[in-house]
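A short write-up of the structure that comes next.
Every read-out reported here was derived from the displayed coordinates using simple, explicitly stated rules and does not represent laboratory data. Note that the structure is predicted; figures quoted are calculated from it, not measured. Don't worry about glycine lacking a Cβ; one is built from the backbone with ideal geometry, like all the others, and counts go over all protein chains shown.
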Amino acid sequence: MASSTSESRNPIAPVEFSKGVNGLDKVILREVRGSSVEIYLYGGHVTSWKNEHGEELLFLSSKAIFKPPKAIRGGIPICFPQFAAHGSLEQHGFARNRFWSVDPDPPPFPINSSDNAYVDLMLKPSEEDMKIWPHSFEFRLRVTLGPGGDLMLTSRIRNTNPDGKPFSFTFAYHTYFSVSDISEVRVEGLETLDYLDNLSNKERFTEQGDAITFETEVDKIYLSTPTKIAILDHERKRTFVLRKDGLPDAVVWNPWDKKAKAMTDFGDDEYKHMLCVEAAAIEKPITLKPGEEWKGRQELSAVPSSYCSGQLDPQKVLLAAE
Ligand SMILES: O=P(O)(O)OC[C@H]1O[C@H](O)[C@H](O)[C@@H](O)[C@@H]1O
């Protein structure tokens, strides 16, 4: 609930509080040139990110269920304190289906940030949560829309256990990018890396080839990746650049046709128009002692690209997006 300028229900205010699907509370961030971001307090979940032309950059399923305990299908779910089924908790942990609150008095933004619109959401465990994960924590999620339309997510997780006990967790920003046609998409920055294949009992393999393209189901956890990954949408002539910090791994997921049909909150053909690339910390869980804080950051930008098949130099794409 903070911004560099005033906040109100005025539609042109950089931070607006509103009601979304099923009357759920949401926050809208706006930037003067027209880009915007929507965040549901349910899940601390970014559901929309639009550029200055009003084009949606994130995928949100037409069948998404905005009702607890189901997490919203699309946007950017937060996976915490567990990624997928890597532990005893429910799939992807519980942060994505809890109600977060808005911090009315967030810590100030670092200097030179007067054009940023941002909101700080908070999650603290309930007594019920403590029964399934017996740890006290404070999770602050800052969602920022930069002056150029970039979307930044910063998570700060602090161990507030009074009993001196450390805790460990895994984490992911489970970003669903909107793409024109999955068969026209390439991901740059993960080639030659090791990955765990979720479709082969998490067996470890090494990625071959120049870039990653898609012609079947994929569900891989790339390990110790570079801090920049590019997602090139050839047809739409758009490149997403994902920059990350504190999140060594990157999950790449597309359910393809069979799994798409099996999901009740996902259209049969929607797999063609989405790709998840998820900045994550999975292979080596994060451990925090009481009083310690972890920070994990993801920054997304969408830039026009004039990529011609076979002529791509991944390094140039990443540099061009600097
Ligand atoms: O259906 P969900 O619980 O939201 O999970 C969706 C997907 O998330 C991640 O990408 C996992 O790697 C996949 O194995 C999983 O299918």
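Tabulated values for the structure
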| item | result |
| --- | --- |
| HN-Hα J in Hz across the stretch 275-281 - Karplus 6.51, -1.76, 1.60, θ = phi - 60°, x for Gly and Pro | 8, 8, 10, 10, 5, 8, 10 |
| Phi-based couplings in Hz for the stretch 258-268 (Karplus 6.51, -1.76, 1.60; Gly and Pro marked x) | 5, 5, 4, 5, 7, 8, 6, 9, 8, x, 4 |
| The stretch 243-285 - Rg (one decimal) and Dmax (whole number), Cα, Å | 13.3, 35 |
| Theoretical gain in end-to-end length, residue 88 to residue 131 [0.36 nm per residue, Cα-Cα removed] | 14.2 nm |
| Percent breakdown of C-alpha pair distances by 20 Å bin, ordered from the shortest bin, for the stretch 6-320 | 33, 60, 7 |
| Sites residue 70 and residue 163 - FRET efficiency at Förster radius 41 Å, r taken between beta-carbons, to 0.05 | 0.80 |
| Charged-residue dipole, Cβ positions (Lys, Arg, Asp, Glu), the chain about Cα centre, Debye nearest 20 | 660 debye |
| Helical mean residue ellipticity (222 nm; -39500 (n - 2.57) per DSSP H run of 4+; nearest 500) of the chain | -1500 deg cm²/dmol |
| Karplus-derived 3J(HN,Hα), 6.51/-1.76/1.60, for each residue of the stretch 153-162, Hz, glycine and proline x | 10, 10, 9, 10, 10, 10, 7, 10, 4, x |
| FRET E, pair residue 115, residue 265, Förster distance 25 Å, beta-carbon r, rounded to 0.05 | 0.10 |
| Theoretical FRET efficiency, 1/(1+(r/R0)^6), r = Cβ-Cβ of residue 191 and residue 55, R0 35 Å, to 0.05 | 0.75 |
